[in-house]
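Read through the structure below, which is laid out as structure tokens, and then see the notes.
The values are calculated or read from the model by the stated rules, or taken from the named source; none is laboratory data. Keep in mind that this is a model prediction, so the values were computed, not measured. All Cβ positions, even for glycine, are placed from backbone atoms using ideal geometry, and neighbour counts span all protein chains on display.
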Amino acid sequence: MTQRKILLIAGTRPNFIKLAPLYHRLKERPGFEIFICHTGQHFDFNMSDVFWDNLELPRPDFNLNIQGNGAADTIGKTILGINEVIRSGTFDLVVVFGDVNATAAGAIASAQSQVPVMHVEAGLRSFDRAMPEEINRIITDHVSDFLMVSEPSGIANLEKEGFDRASYELVGNIMIECLLKTKAQWENAVLPGDLEALLAERPVVMTFHRPENVDHQDTLSRLVDIISELAGGMKVIFPIHPRTKAKLGGFGLLEKVSGHPGITLTEPLGYFHFLKIVSRSGLVVTDSGGIQEETSFLNIPCITFRKNTERPVTVVTGTNLMMDIWDQHFAEKISAHLQKISNRAYRPIPLWDDEVSRRITDFIEKRLQH
């Protein structure tokens, strides 16, 4: 049997979570030789290396250690690095995940080298070109050969953009598959410090890292005010992203957060630790894309402080409420959302299960036979 060589490219925390189920599924099937390229976009231990251990992945075959200055610089350097990886071997398929700089770079380098590209989590659109992730999504989809879609809005978007129907398929959310397959590990994870005791109070879990929220003093100061007000009535756990911590310090806001008696600041948490606190929380407040999905699957109320979402199924079917950071009635709206979610029956989202990687692998097997 001919061995098909497949290169999986990852660069950030969400990439690793999406890569793991597909890696393990492909390894189970005969006829595939799997390679992992880690671009190194996340360099903090808890944002990268720990995931390889948690998810039982081998050390990457290629480690580029790319650290660029901004999106364009990072993408450019990553394209050059991945180009060297592709030249080192004859790959039958390159798979990229999500919407980060490594995703776009991997797709561009592979397409220019005439290697077929598959994009896992294709078709998502926020329709906001001010978001770097939106540019990455559009570029990646339009240079990819195969598009694996996580929710129905992705199919509708690809149809509107004129993609060949044979190139895309609704396969479901591979990040949810990872969550399901590691459930025993994150449910039983031993939390650091006093976090375990806080879970009994169903705390608020907060995460913020997007430039539009944390890079400007007025918006970050507003977020601190929101956190402080929420912490007056509920305990808050705030795993702080390195970018956010640096900005809080630079704007003189860190002490206001760290000194609040209702707020527990932590370093970025490992995948299992983070899922455990989210699953036991009473509310998640975020600007993350993936956390909107995880909370919807876990039936945890979520408030997303962003102007738009590329994951509308989390609002329509899930537990997510989009909110303007400057909304003067945020406390009342959060209270109403909590009441609404607590009173409704759980709504499963189609194909968000533990068979997503199987659907993708079946697709790969059929296409690589031609």
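Taking Val50 as the residue in question, decide whether it is surrounded by 20 or more Cβ atoms within 10 Å (Cβ to Cβ) and either in contact with a helix residue (DSSP H, G or I) (Cβ under 8 Å, 6 or more places away or on another chain) or modelled with pLDDT of 95 or more (or both).
no
Collect the residues in the range 162-204 that are at positive phi and either outside the structural domain of Thr266 (by TED's automatic domain parsing) or without any contact (Cβ under 8 Å) to a residue 24 or more places away in the chain (or both), keeping them in residue-number order.
Gly162, Gly172 - these are the residues of the range 162-204 that are at positive phi and either outside the structural domain of Thr266 (by TED's automatic domain parsing) or without any contact (Cβ under 8 Å) to a residue 24 or more places away in the chain (or both).
For the structure I just gave you, tell me whether Ser357 is assigned to a loop (DSSP other than H, G, I, E, B) and touching a residue at least 12 places away in the same chain (Cβ under 8 Å).
The answer is no for Ser357.
Thr264 versus (1) modelled with pLDDT under 95; (2) among the polar types (S, T, N, Q); (3) surrounded by 16 or more Cβ atoms within 10 Å (Cβ to Cβ): which is the lone unmet condition?
For Thr264, the failing item is (1).
Take the residues of the range 79-97 that are of a type outside the set (Val, Ile, Thr), closer than 15 Å to Ile36 by Cβ and under 25 Å from the mean Cα position of the chain (by Cα): which is surrounded by the most Cβ atoms within 10 Å (Cβ to Cβ)?
Here the residue is Phe97.
Mind listing whichever residues of the range 338-363 are surrounded by 15 or more Cβ atoms within 10 Å (Cβ to Cβ), within 25 Å of Phe127 (Cα to Cα) and not β-branched (Val, Ile, Thr)?
Selection gives Leu351, Trp352.
So is Glu310 among the acidic types (Asp, Glu) and under 19 Å from Glu151 (Cβ atoms) or not?
The answer is yes for Glu310.
Could we say that Gly106 is touching a residue at least 60 places away in the same chain (Cβ under 8 Å), over 15 Å from His142 (Cβ atoms) and buried (at least 24 other Cβ atoms within 10 Å of the Cβ) here?
No, not satisfied.
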